[in-house]
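Single-structure report; data block below.
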Amino acid sequence: FDRFLADQVAPCADSPRLHVLRRGSPHVPASAYDGGAAPCGGYFLQHGRTGAAVDPGPGFVADFMDAGFAFSQVGSVFISNAQEGQCGGLASILALLHAYNEGVGRDVRAAVAKDAALGRFPDLDGRTEREILEALSAEYERRFSEQRKRVDVYLSLGAFRTHAPLLAAGDPCGCRAHVLEAGHPPVELGDGVRVLPIPAWRAGGDCGQGALGLVWEFETSALVYTGETAYTPRIGREYAEIRGRLRSPDKPVALLARLGGSGKTEKDVSEGQLEYGEAFRGDCLGRNGVIALADALRPGLVILSGMGEELCGQRARLAGLFGDVFGDCGIRFLPADAGFCINGALEVWAVDRVDYSQGRAFPVLVRRFVPYASVRAEEEGAHILYYNAGTRADVDGLMSQALQGRRDGRKNPLPHEAVLLAD
């Protein structure tokens, strides 16, 4: 944990990248080894040396650390609504920020004391003790102000009202809070990345007040994130107009859609007979909401995230069914779960080949970024979802062994690198 808090990380070579830390549902584990319920993680948009934590749920910090990131990489936080699943990790992030800056303060204090002991402040000669202490204190404040970590937190109106007491300390602890609303100017994150807030809506309560979606615009593409929205005709019209707000309307676009559940409120309706209130849910997009937004935006890729527990084990199949609906339009659908990663060129981190040349007892699954059109989502039971662009038979064989190990009650049926995929 100390290393997670203190490590400094080199810039990301394939920046930007979006990492999915959020499991399909708070109750559906994605790991081959974790058989218990796992809280929501969130998303991490990596760009350059830092990145943005997006909708950090209660399990964000643990998932972020397990994914190999360091806390120094969190430069900003975006929260789309006030639900616990989207902002439950904010308190942990702010606590880590406080601890991180305390460490910076100790280091700065020690450095100032050392410089004073070595006589590196000649202008202090002949001053009184009080003047020396004041000068050293001012030097400490100057250095600490330069070196301490600051995190910008962008929240929907409802999330800000919910967390106002938590954010009250403000800049003294390194946190700067900003209320973000649809229609606001884009937020420039640097490294060619900017964020545009777009409207979202969900029925009932204060959690959805001022709810947001986000558009992450990169130099060569854009990724539209729905947030925890339901579908309404107004939301549909907004999505139809999104391309006009981009710096280049012709750039490739992908949609990251939080599907939510697939409950009884969604009726089977024939094509062209979608009656609002019957065909759509009010608490999430659902199947018909995803179809409606995809039809309005017409992205090249739709990434299905945040699926309900009832879809456990059916995520890859569901993505295929969505793809059948839009077969003539060339829209590709992929399910997303913890471990999914896509870069600014809209390439997906996928298994490319199986390496048998390492001299190990088990082969290693080698991954690289692959154009999304070449990637297949493969699902083994309820607990293994992975992305394959290579030799399917070899990869599926290894994953089947892992799944059989779970059924046989073995905690670790294959070595870590064989199941979790080596880089």
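Here are some notes:
- Residue list for region 195-217, filter: without any contact (Cβ under 8 Å) to a residue 40 or more places away in the chain and either over 23 Å from Ala336 (Cα atoms) or of a type in the set (Phe, Trp, Tyr) (or both): Trp201, Gly205
- Residue pairs whose Cβ atoms lie under 9 Å apart, separated by 6 or more positions or on different chains, with the first residue in region 218-240 and part of a loop (DSSP other than H, G, I, E, B) and at pLDDT 90 or above and the second of a type in the set (Lys, Arg) and surrounded by fewer than 21 Cβ atoms within 10 Å (Cβ to Cβ), are Phe218/Arg194; Phe218/Lys251; Glu219/Arg247; Glu219/Lys251; Thr220/Lys251; Ser221/Lys251.
- Selection from region 46-84 of residues that are within 17 Å of Ala159 (Cβ to Cβ) and of a type outside the set (A, V, I, L, M): Asp55, Pro56, Gly57, Pro58, Phe60, Ser76, Phe78, Ser80, Asn81, Gln83, Glu84
- For region 283-292, the set of residues classified as modelled with pLDDT under 90, in contact with a helix residue (DSSP H, G or I) (Cβ under 9 Å, 6 or more places away or on another chain) and either assigned to a loop (DSSP other than H, G, I, E, B) or of a type in the set (A, V, I, L, M, F, W, C) (or both) consists of Leu285 only.
- Criterion (at pLDDT 90 or above, assigned to a strand (DSSP E or B) and among the hydroxyl-bearing types (Ser, Thr, Tyr)) met by exactly one of Ser92, Ser76: Ser76
- Odd one out for Ala113 among (1) aliphatic (A, V, I, L, M); (2) at pLDDT below 90; (3) loosely packed, with under 15 Cβ neighbours inside 10 Å: (2)
- Tally of residues being farther than 30 Å from Phe71 by Cβ and either of a type in the set (Ser, Thr, Tyr) or over 47 Å from the mean Cα position of the chain (by Cα) (or both) across region 131-147: 2
- Selection within region 121-159 - under 15 Å from Val77 (Cβ atoms) and hydrophobic (A, V, I, L, M, F, W, C): Val151, Val153, Leu155, Ala159
- Within region 79-89, the only residue that satisfies the criterion of being surrounded by fewer than 21 Cβ atoms within 10 Å (Cβ to Cβ) and either in a helix (DSSP H, G or I) or modelled with pLDDT of 90 or more (or both) is Glu84.
- Annotation note: of Asp123, Asp107, Asp66, the sole residue that is modelled with pLDDT of 90 or more, out of contact with any Pro (no Cβ under 9 Å at 6 or more places or on another chain) and surrounded by fewer than 18 Cβ atoms within 10 Å (Cβ to Cβ) is Asp107.
- In region 140-169, the residues that are out of contact with any Cys (no Cβ under 9 Å at 6 or more places or on another chain) and part of a helix (DSSP H, G or I): Tyr140, Glu141, Arg142, Arg143, Phe144, Ser145, Glu146, Gln147, Leu157, Phe160, Arg161
- Residue within region 293-302 that is of a type in the set (A, V, I, L, M, F, W, C), assigned to a strand (DSSP E or B), modelled with pLDDT of 85 or more and under 16 Å from Ile242 (Cβ atoms) present: yes
- Among the residues of this structure, Ala316 counts as one that is out of contact with any Cys (no Cβ under 9 Å at 6 or more places or on another chain), surrounded by fewer than 22 Cβ atoms within 10 Å (Cβ to Cβ) and among the hydrophobic types (A, V, I, L, M, F, W, C).
- Residues satisfying the stated conditions in region 168-193, i.e. surrounded by fewer than 17 Cβ atoms within 10 Å (Cβ to Cβ), among the hydrophobic types (A, V, I, L, M, F, W, C) and under 26 Å from Gly103 (Cβ atoms): Ala168, Ala169
- The number of residues in region 41-61 that are crowded, with 23+ Cβ neighbours inside 10 Å, over 12 Å from Val77 (Cα atoms) and in contact (Cβ under 8 Å) with a residue 60 or more places away in the chain comes to 2.
- Taking the conditions (1) surrounded by 10 or more Cβ atoms within 10 Å (Cβ to Cβ); (2) farther than 28 Å from Phe71 by Cβ; (3) out of contact with any Phe, Trp or Tyr (no Cβ under 9 Å at 6 or more places or on another chain) in turn, Thr128 satisfies each one other than (1).
- Candidate set: region 319-338, residues that are more than 16 Å from Ala292 (Cα to Cα) and either crowded, with 22+ Cβ neighbours inside 10 Å or touching a residue at least 60 places away in the same chain (Cβ under 8 Å) (or both); chosen: the one farthest from the chain's Cα centre (by Cα): Leu334
The values are calculated or read from the model by the stated rules, or taken from the named source; none is laboratory data. Not measured: the values here are computed from a predicted model. When we count neighbours, we look across all protein chains shown, and the Cβ atoms used for this are built from the backbone with ideal geometry, even at glycine.
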